[in-house]
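**Student:** Here it is, the structure, as structure tokens.
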Amino acid sequence: MAALGGTLASIVLTTQVAGPLVAQEADKATVYEQLDLFGDIFERIRGQYVEEVDEGKLIEAAINGMLTSLDPHSSYLAPDAFDDMRVQTRGEFGGLGIEVTQEEGFIKVVSPIDGTPAFDAGVQAGDFITHVDGESVLGLTLDDAVDKMRGPVGSEIIITIVREGAEEPFDLSIIRDTIKLTAARVRMEGDTVVLRVTTFNDQTYDNMADGLKKAVEDAGGMDKVNGFVLDLRNNPGGLLTQAIEVSDAFLDKGEIVSTRGRNPQDSERFNAEPGDLAEGKPMVVLINGGSASASEIVTGALQDHRRAIIVGTKSFGKGSVQTVIPLRGEGGAMRLTTARYYTPSGRSIQALGISPDIVVAQPRPTPKEEGEDDAAAKRGRSEADLRGAISNDSMTEDEKRVLEAEQEKAEEAAKLREDDYQLAYAIDILKGLSAIAAAE
């Protein structure tokens, strides 16, 4: 029995060890066969294609094809494209000023960047670019299509747009320019500080923090501020490190984001450190379909920690992390999706996006009727307009002037609704929260 037991144990042990080894050898043989197949095809193309081919470009196309088959965000970066990417993260580059991805073979605009030629020409988040200078982009890789849109500063490009709600495709003429990004702009709207963050590059946190500090000082101190609006609409994302810093700027503690790769040991968790630039004042974050990646990290962190009310429309839904890996040789690199990111509550945003707490769409401008007078339309009749109306004797002249100033302020705020309804809505929320806090 002992001998039999030993034999059985040996059989089991042999099966457990030899089985995986046999499978690994079979997989390895299959991989080598496929590499031989690639070599055969490469030689056939090089020797028999109707025209002489550039061998380097052929290899480069094969590499890029392998990467782009994985997902829309993995790709090969040739040396010049790698240089362009590094310049872009520093905040200045040449082009149209749009962040794009690829969907169903066409180029989809994630978002135009504020103040760029594309933004000024009317390109919108969600637009599909089908042709560049009359040539179809169908079948091109994302990088090839982007190359077609690049060109000398001052040169003209005509892109064909397909837009939801538009009956026919239409052309836009754009003059290429040097894109100089101010990553964050800060201004006051009444008693509210508006932080407009357009991208996440090396300058983002510093731009935002400096602007916030100056705005609060100009307002007369934090006591004079009723809250903050963080405007991330049409922000296509950027550096993960900057998204973490911007989130940390408004959180005192807790997780900001976690990334989980293929191997558990590659997972990372990033936590907030003490210190809130807004000193606990109420916050509203504005998002839309052009808010992606790093924007969604910030939004998800502030939403999960109940630090801000999220207003707008559902975000883009890019919940993956790309690592740029420099390659040996001519100075190119590989952009490879290496992880997914998760909000503090464990949500993955990939392909789902972030749903706002309050859904507020930006209404399309309505054409004004011919001869319509805005002032007359808004001006209503009141008791004071009636002939012989009794005057108000309960207020001093000073009190009347204060009331009139407040009414003018309210009218100015109302004008904002015509220019930017979503932002006006966010500011109204902060006014309401401020009024409740004062009553308490």
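The values are calculated or read from the model by the stated rules, or taken from the named source; none is laboratory data. Everything numeric here is computed off the predicted structure, so don't read it as measured data. Here Cβ is always computed from backbone atoms with ideal geometry, including for glycine, and neighbour counts include all displayed protein chains. The protein model used for the area step is the full one, side chains on, heavy atoms only, and it has no ligands, DNA or RNA in it. Shrake-Rupley method; radii C 1.70, N 1.55, O 1.52, S 1.80 Å.
**Student:** Quick one: ranking Ile98, Ile159 by accessible area, 1.4 Å probe, largest first, what do you get?
**Tutor:** Result, largest first: Ile98, Ile159.
**Student:** Let me check I've understood the local charge: for His73, count other residues with C-beta under 13 angstrom from its C-beta, Lys and Arg +1, Asp and Glu -1. What total comes out?
**Tutor:** 0
**Student:** How much accessible area per residue does region 200-347 have, in Å², with a 1.4 Å probe?
**Tutor:** Accessible area per residue, region 200-347: 44 Å².
**Student:** Something else: Net charge near Gly115: determine it from the other residues with C-beta under 12 Å of the C-beta of Gly115, scoring Lys and Arg +1 and Asp and Glu -1.
**Tutor:** Every neighbour counted, the sum reads 0.
**Student:** Let me ask something else. As an exercise, identify the trypsin sites (Lys or Arg not before Pro) in region 238-330 lying in DSSP coil whose Cβ has no more than 15 other Cβ atoms within 10 Å.
**Tutor:** Here the trypsin sites (Lys or Arg not before Pro) that fit, given the DSSP loop and packing criteria, are Lys253, Arg262, Arg306, Lys314, Arg328.
**Student:** Run the numbers for Val162 and Asp40: contour at 0.36 nm per residue of separation, minus the present Cα-Cα distance, in nm.
**Tutor:** Full extension from Val162 to Asp40 adds 39.8 nm.
**Student:** Right, here's the next one. What net charge is computed for the residues neighbouring Glu60, neighbours being all others with C-beta under 15 Å from the C-beta of Glu60, Lys and Arg scored +1, Asp and Glu -1?
**Tutor:** Net of charged neighbours comes to -3.
**Student:** Rolling a 1.4 angstrom probe over the protein chains, ignoring ligands and nucleic acids, what is the accessible area of Leu430 in square angstrom, nearest 10?
**Tutor:** Leu430 has an accessible surface of roughly 0 Å² with all protein chains in place.
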